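The values are calculated or read from the model by the stated rules, or taken from the named source; none is laboratory data. The shown structure was predicted, so the numbers you read here are calculated from the model rather than taken from an experiment. Virtual Cβ from ideal backbone geometry, glycine too; neighbours counted across all protein chains shown. Surface areas here come from the heavy atoms of the whole protein model, side chains and all, with no ligands, DNA or RNA. Shrake-Rupley method; radii C 1.70, N 1.55, O 1.52, S 1.80 Å.
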Amino acid sequence: MGNNLYAGKVMRINLSNRSVRIEPTAKYLEDSLGGRGLGSWILFREVEPNVGSFDPENLIIFSAGPLLGTLAPTACRLSITTKNPLTGGLCSSNVGGHFGPELKFAGFDALIISGRADYPVYLLIEDGEIKIKEAKHLWGLTVGETEDEICSQNSDYKIRTSCIGPAGENLVRGACIMVDRGRAAGRGGAGAVMGSKNLKAIATRGRLSIKPFDPQGFFYRAKQCREKILEAEIIKIYREGGSMRFGGAGGPDGNFPQAVKNYDDEYWPISKSRKIYEKTLKEKFEVRRLGCFNCSSISCSHFYKVSDGPFSPSAGEGFQINTARAFGSNLDIEDPNFVIAAHNFCSEMGLDVDMAGACLAWAFEAFSRGDLTFDEVNNLDLSWGKSHSAMELLKDMVSRKGFGDVLAEGVKRASEIVGKGTIDYAIQVKGADLNEASMRPFKAWSLGIVLSTHGGGHLDGSPPIGAFKKHPEVAKDLFGEPMVNFRGRYENQVKAVIWFEKYKAVIDIMGLCYFASMWLDAKAISLKDLSDLFEAGTGEFYSEKDLMSMGERVHNVQKAFNTIHAGFTREDDFPPKKLMTKPAQTGPFKGDVLDKKQWNKMLDEYYEEKGWDRKTGLQTEEGLKKIGLGEVANKLKKFNKIIN
Amino acid sequence: MKRGLIEVKLDYCTACRSCELACHFRNTSSFGTSHSFIDVNLNKATGEVQVDFLEACDNCREEPFPFCYDACCTGAITWKLVNGGK
């Protein structure tokens, strides 16, 4: 394959000895076409299970896909892959903004970073060159301060940054990497891994160009995709009000399920939720809408500013549906000033909103049950609804002060430290803290969350809620089942979950955003569109089937990494206990619960369909060889973690 | 010589830089932003946006319409022919 659509180079940086090696990207394209695939394969091959997340031998890989930086709409998503400090398995994170395209324009498709610097450093990557620069003066600064300082020091305000805040420096296990100040590679603790390497930031500036094979053909196809996005009904809602308008704080009618009081319920009364709903925030706090690179067709981000009251001043972007849940309904806090300020605080500190929200909700519940007392939680009143206590606890998490040090370990470890049965209401899967909506009512959605190779989360196999309701014919055609993600439905949902595992892997390989894809709207960017764009861009043809096979292989590589490193089996593939034992209490979803027997049936069906072992959930030699993954089978065999 | 009139409504701009990318493509048939005649800047602390068109911009006079106008879906860039298409 030629270099069309690629920058053509991959850079390896060893921070321990400051060595740099440049390799051709083509070397890595046999297994996948880039992005999440490239990162996953390298991590699988090069990091052994005796290496801890914070060991210098762990890698952190920033990898762009072929469509990233191009005219294809939403071509901005960069994959970040490393060993996950929360789960011990895979961190496969993904971020938008402008950093990814700038990295490609600076001449690199991927950065593979190993080692640990003797003192804090940052990388400056500019038009094919790299400098490893001292960052002692940046250590301790917030994300915004870090970016400002780097731009100022280099007299260039067009530099794009990817950096950590104090949370990453302090190895908070849910620390994230912040890109362009307001976009988070949130899930999986990659920020803590950067911190462990004494790597404060990566700054990049690119003036080079990416060449397409057929410029006019690519232009035409990209325009067609943009028009599809503009016509798609659900994406229109996101364009008008972001994910918040779709389902945030209960959605347009207040009846969209939400996690309430550490998942005690799925419904928050309208008298509370309307205070945090998108239209309310727009009126009182929105400065403007913002978009990631080349995303004029959606631009889902909001820039909110809190000007008055105890949580002011606070300003920043990136507020999505999950924030309203993490700092609103799940803590029973109805003050929008706090919810926005908590979000902006997490961005500045480089802390994952989902992880932080899950930790706080668990601590609030433990306090309400008497499992934690006032003097055990830094003398804070963690009664539901206490916004000031929540803000103080967030600060303590970042600085690892007192009880904050316990929470910084993530909810699973924290509940093990505290004991007293608090694990029973720790909302986590495989050690990954969860802040997800709708888990009790929508079974396919939940299955995707729990089986995610990221540990837990909706950005893997979870089919969308609503996308196929108006297009059952598309669902029937793709999954053999028109009723995908209908409330309460366990039957025939597995094929859709598996389809989305592959499809979303392809989207991540290419470098686009799920919000422009069929994950959000059945009429949005399809596999055929991706195949056409790639062909126009490179002159190489990959059929829809080829792409899905690639996605399937990447998903299997990620699964194998988790098996070898974290030892996950079928026993780990269950939802948090509370969701299986305590039905939703009130509102339109009252009575909904995840039934263990039905869940077991879905698991059986899932493993069968994947070619994995039903009893253990492990991959099989036969199944892996069938999809061309003999190498993966051999490695699993070496660790005795495969079924013959 | 410019053709028609391009106007920017900053309130609608989301700083996504689709216009920069499209302009670079028009000038080079490749993807990047360094050869763009448009410069979009976002103040990340305040949310303020600035959009500048360089002198070299001719409003894509040999094209059916300016590439930046075509790429912008937010309504921030508007374009109209004036003086009989000049």
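The length gained by stretching the chain between residue A:379 and residue A:420 to full extension, at 0.36 nm per residue less their Cα-Cα distance, is 12.8 nm. Accessible area ranking (1.4 Å probe, heavy atoms, ligands and nucleic acids excluded), largest first, for A:412, A:272: A:412, A:272.
As a calculated quantity, the FRET efficiency between residue A:17 and residue A:279 at R0 = 51 Å, using C-beta atoms, amounts to about 0.40.
Rolled with a 1.4 Å probe across the full set of protein chains, the surface gives residue A:593 an accessible area near 40 Å². Remark on the stretch B:5-75: hydrodynamic radius 12.4 angstrom, per the Kirkwood mean of 1/r across alpha carbon pairs.
For residue A:549 and residue B:10, a Förster radius of 41 Å and the Cβ-Cβ distance give a FRET efficiency of 0.35, rounded to the nearest 0.05. Extent of chain A along its three principal axes (Cα atoms, max minus min coordinate, largest first): 62, 57, 51 Å. Look at the alpha carbon pairs under 8 Å that are at least 6 residues apart: their mean separation over the length of chain B gives a relative contact order of 44 percent. Given +1 at the Cβ of Lys and Arg, -1 at the Cβ of Asp and Glu and no other charges, the dipole of the stretch A:1-94 around its Cα centre is 260 debye to the nearest 20.
Simple spin-label estimate for residue A:157 and residue A:639 gives 4.8 nm between the two label positions (7 Å along the Cα-to-Cβ direction from each Cα). In terms of Cα atoms, the Rg and Dmax of the stretch A:63-180 work out to 14.5, 41 Å. Take the accessible area of chain A alone and of chain B alone, subtract that of the pair, and you get about 2900 Å² summed over both chains, using a 1.4 Å probe.
Residues whose amide H lies under 5 Å from that of residue A:290, counting only those 5 or more places away or on a different chain, are A:301, A:302, A:303; hydrogens are built 1.01 Å from N in the peptide plane. Beta bridges per DSSP, both residues in the protein assembly as shown: antiparallel share near 80 percent.
Applied to the stretch A:341-354, the Karplus parametrisation 6.51 cos²θ - 1.76 cosθ + 1.60 on θ = phi - 60° returns per-residue 3J(HN,Hα) values of 5, 5, 4, 5, 4, 4, 4, 5, 8, x, 10, 5, 4, 5 Hz, with x for Gly and Pro.
When the charge dipole of the protein assembly as shown is built from unit charges on Cβ atoms (+1 for Lys and Arg, -1 for Asp and Glu) and taken about the Cα centre, the candidate among A:186, A:451, A:586 whose Cα reaches farthest toward its positive end is A:451. If you take the Cα centroid of the stretch A:575-608 and the Cα centroid of the stretch A:232-298, the two points sit 26 Å apart. With 0.36 nm allotted per residue and the present C-alpha distance subtracted, the residue A:312-residue A:220 stretch has 28.4 nm of extension available.
The phi torsions of the stretch A:58-75, fed into the Karplus equation with coefficients 6.51, -1.76 and 1.60 and a -60° offset, translate into couplings of 5, 9, 10, 10, 9, 9, 9, x, x, 8, 4, x, 9, 6, 4, x, 6, 7 Hz, rounded to whole numbers, with Gly and Pro shown as x. Each Cα pair under 8 Å and six or more residues apart adds its sequence gap; the mean of these over the residue count of the stretch A:232-433 is a relative contact order of 16 percent.
How high is the relative contact order of chain A? Use alpha-carbon pairs under 8 Å, at least six apart in sequence, and give a whole percent.
The normalised contact order for chain A reaches 15 percent.
Each of residue A:581 and residue A:598 was given a label point 7 Å from its Cα along the Cα-to-Cβ line. The distance between the two points is 2.0 nm. Only DSSP H runs of four or more residues enter the estimate; each adds -39500 (n - 2.57), and after division by the residues of chain A the mean residue ellipticity at 222 nm equals -11500 deg cm²/dmol. First compute the accessible area of the stretch A:9-205 with a 1.4 Å probe, then give the percent of it belonging to carbon and sulfur atoms. It is 44 percent, rounded to a whole number.
For residue A:614 and residue A:270, calculate 0.36 nm times their separation in residues minus their Cα-Cα distance, and state this gained length in nm to one decimal. List each step's numbers first, then the result.
Numbers: separation 344, 0.36 × 344 = 123.84 nm, distance 4.32 nm.
Extending this stretch completely gives an extra 119.5 nm.
Between the stretch A:519-535 and the stretch A:166-223, the alpha-carbon centres lie 23 Å apart.
Note on residue A:36: accessible area is roughly 0 Å² with a 1.4 Å probe, heavy atoms of protein only.
The calculated FRET efficiency for residue A:3 paired with residue B:39, based on their beta-carbon distance and R0 = 25 Å, is about 0.35. Only one residue of A:301, A:429, A:250 has its Cα farthest out toward the positive end of the dipole of the stretch A:232-433, where Lys and Arg carry +1 and Asp and Glu -1 on Cβ, and that residue is A:301. Under the convention that each Lys and Arg Cβ holds +1 and each Asp and Glu Cβ holds -1, the size of the dipole of chain B around its Cα centre is about 180 debye. Return the sequence-ordered ³J(HN,Hα) values of the stretch A:531-547 in whole Hz as given by the Karplus equation 6.51 cos²θ - 1.76 cosθ + 1.60 applied to θ = phi - 60°, using x for Gly and Pro. Working through the residues one at a time gives 4, 5, 4, 5, 5, 5, x, 10, x, 9, 9, 10, 6, 4, 5, 4, 5 Hz.
Think of each Lys and Arg Cβ as +1 and each Asp and Glu Cβ as -1; about the Cα centre, that makes the dipole of the protein assembly as shown roughly 660 debye.
Along the axis of the charge dipole computed for the protein assembly as shown (Cβ charges of +1 for Lys and Arg, -1 for Asp and Glu, origin at the Cα centre), the listed residues A:506, B:33, A:549 are led at the positive end by A:549. By DSSP, the beta bridges lying fully in the stretch A:9-205 are antiparallel in about 75 percent of cases. The average projected area of the stretch A:9-205, computed from the convex hull of its Cα atoms over all directions, is 9.6 nm². The listed residues A:93, A:312, once ranked by accessible area (1.4 Å probe) with the largest placed first, stand as A:312, A:93. Report, in whole Å, the centroid distance computed from the Cα atoms of the stretch A:411-440 and the stretch A:63-133. Their Cα centres are 30 Å away from one another.
In this rough spin-label picture, where each label sits 7 Å from Cα along the Cβ direction, the residue B:80-residue A:287 distance is 3.2 nm.
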